[in-house]
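Reviewing the structure listed below.
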Amino acid sequence: MRVKVARRYQITIPDEVRRELRINVGDNVDVRSEDGKAVVEKMEMSWESVMAETRGAWKTHPVFKSMRDSVEIVDWLRQKKRKR
């Protein structure tokens with residue numbers, strides 16, 4: 001599908017593509033060059049997916065190894081800061 005580059009180098013994502021990719025106002029997209037082509041990809045960064053990526057990431061850390069994920073670590077750090 002062809003679109004025209006407007007002033008300030010903006011493009012409009014056609015309705016058909018937006019619907020197929022479920023892109024809505026406020027969504028984040030990644031724009032990059034890949035093999036000489038511009039690629040626009042919807043970022044699927046829900047809170048749940050970010051937290052799922054951190055599970056087990058701290059298992060070798062001396063302090064954080066017993067904690068489930070980054071949310072638990074942040075909560076622990078905030079409690080330590082309040083106690084000062």
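Readers should treat all values here as calculations from the given coordinates under stated rules, not as data from a laboratory. None of these values were measured; they are calculated from a predicted model. All Cβ positions, even for glycine, are placed from backbone atoms using ideal geometry, and neighbour counts span all protein chains on display.
Key figures
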| read-out | value |
| --- | --- |
| Criterion violated by E16 - all others in (1) part of a helix (DSSP H, G or I); (2) of a type outside the set (A, V, I, L, M, F, W, C); (3) surrounded by 10 or more Cβ atoms within 10 Å (Cβ to Cβ) satisfied | (3) |
| Set V29, V71, V39: member being hydrophobic (A, V, I, L, M, F, W, C) and without any contact (Cβ under 8 Å) to a residue 12 or more places away in the chain | V39 |
| Complete set of residues in the stretch 23-70 that are touching a helix residue (DSSP H, G or I) at 6+ places or on another chain (Cβ under 7 Å) and within 24 Å of T12 (Cα to Cα) | K42 |
| Failed item, numbered, when V29 is tested on (1) surrounded by 10 or more Cβ atoms within 10 Å (Cβ to Cβ); (2) of a type outside the set (G, A, S); (3) out of contact with any strand residue (DSSP E or B) (no Cβ under 8 Å at 6 or more places or on another chain); (4) within 30 Å of V3 (Cα to Cα) | (3) |
